[in-house]
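Visitor: Below: one structure in structure tokens.
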Amino acid sequence: MKTYKILALPGWENDGFILKQHMGDLHNLISKYVEIEYLDPPYEVSKSMFPLPPLLNTQGRKVYRWGNYYLDMTEDIEKIKNRILQNPNIIGLMGFSQGVFIIGEIGQLAYQDKRLASQLRFLICFSSNGIKPKKMHYDNKHLITIPTLQTVGSRDFAYLESIIQTTEYLNSQIIWTEATHRVPILNYDQKIELANFISDKLDKPKM
């Protein structure tokens, strides 16, 4: 039986370990449908711009970001795109905060790369990207047509950015929460909505 996989992209001051801890029981829920591979951003954050989400224990780990000294994420985006295309079992992306920016850029690439567009079945975006790059990668953006589920938290400092971000996606499904800038804690009905969003893309029975 084929095992589908999604790549999880952490945000600023995160790595794969921290994001997995931050996911809580959503990790187990999503793992019922696909394997989650948590990626580590390549650059260490020496000085924090934003605090870590509250009550999150990093266990003394260093924290990281996407983007080089100039916050240019071109190389990171290219590596993730190639990683997807090299493994046909990777059928989706999931990201938090700065990781959501990379998801959007991959979605833009899929507008012209038909292999990428056909391989990616869905995107999951937790909160908006609060970190703006110093280099924008596209002069003319297109609506991203890959089905996307986005969460918007009413207490998120990037609340307005999150709402604006929803306009970048043609097929966007939004879960509204009262969360701060974090992977939200979903109620029962919202978990069902998330599970059914994924199962629909995999032709699996709904919850």
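The values are calculated or read from the model by the stated rules, or taken from the named source; none is laboratory data. These numbers were taken from a predicted model, which means no experiment stands behind them. Counting neighbours? That spans all protein chains shown, and the Cβs are built from the backbone with ideal geometry, glycine included. These accessible areas exclude ligands, DNA and RNA; they are computed on the full protein's heavy atoms, side chains included. Shrake-Rupley method; radii C 1.70, N 1.55, O 1.52, S 1.80 Å.
Visitor: Please turn the phi angles of the range 2-9 into ³J(HN,Hα) values with the Karplus equation 6.51 cos²θ - 1.76 cosθ + 1.60 (θ = phi - 60°), one per residue in order, whole Hz, x for glycine and proline.
Guide: 5, 9, 7, 9, 10, 9, 9, 10
Visitor: Sort the following peptides by mean Cβ neighbour count (other Cβ atoms within 10 Å, averaged over residues), highest first: 191-203, 12-24.
Guide: Highest mean packing first, the order is 12-24, 191-203.
Visitor: Mind listing the long-range amide H neighbours of ILE90? Cut-off is under 5 Å, sequence gap 5 or more, other chains count too, H placed in the peptide plane at 1.01 Å from N.
Guide: Close amide H contacts, sequence-distant or interchain: LYS5.
Visitor: Can you give the three extents of the C-alpha atoms in the chain along their principal axes, from longest to shortest, in whole Å?
Guide: Extents along the principal axes, in whole Å: 46, 38, 33.
Visitor: Leaving ligands, DNA and RNA out of it, rank ARG115, ARG83, ARG65 by accessible area with a 1.4 Å probe, largest first.
Guide: If we order ARG115, ARG83, ARG65 from most to least accessible, we get ARG115, ARG83, ARG65.
Visitor: Under the rule of -39500 (n - 2.57) per DSSP H run of 4 or more residues, summed and divided by the residues of the chain, what mean residue ellipticity at 222 nm is obtained, to the nearest 500 deg cm²/dmol? Each step should come with its number before you reach the end.
Guide: Values: 7 runs with 72 residues, N = 207.
Taking each H run of at least 4 residues, the total per residue is -10500 deg cm²/dmol.
Visitor: Relative to the present Cα-Cα distance, how much length would full extension add between LYS32 and TYR4 at 0.36 nm per residue of separation?
Guide: Details: separation 28, 0.36 × 28 = 10.08 nm, distance 1.07 nm.
My answer for the length gained is 9.0 nm.
Visitor: Ignoring ligands, DNA and RNA, what percent of the accessible area of the chain is carbon or sulfur (1.4 Å)?
Guide: It is 50 percent, rounded to a whole number.
Visitor: For the range 141-155, what does the Karplus curve 6.51 cos²θ - 1.76 cosθ + 1.60, with θ = phi - 60°, yield as ³J(HN,Hα) per residue in whole Hz, taken in order and with x for Gly and Pro?
Guide: Residue by residue, the range 141-155 yields 8, 10, 5, 7, 9, 5, x, 9, 10, 10, 9, 10, x, 5, 9 Hz.
Visitor: Local charge sum around GLY104 (other residues, Cβ-Cβ under 10 Å, Lys/Arg +1, Asp/Glu -1)?
Guide: Residues near GLY104 contribute -1 overall.
Visitor: Follow-up question, since we're still on this one. Exceeding 19 Å between C-alpha atoms, which entries from my cross-link table qualify? They are LYS141/LYS201; LYS2/LYS32; LYS5/LYS79; LYS79/LYS114. Present the calculation step by step, with values, prior to reporting the outcome.
Guide: Details: LYS141/LYS201 25 Å; LYS2/LYS32 14 Å; LYS5/LYS79 17 Å; LYS79/LYS114 17 Å.
Flagged as over cut-off: LYS141/LYS201.
Visitor: Could you give the size of the charge dipole of the chain about its Cα centre, using +1 on the Cβ of each K and R and -1 on the Cβ of each D and E, expressed in debye and rounded to the nearest 20?
Guide: Taking the Cα centre of the chain as origin, the dipole is about 300 debye.
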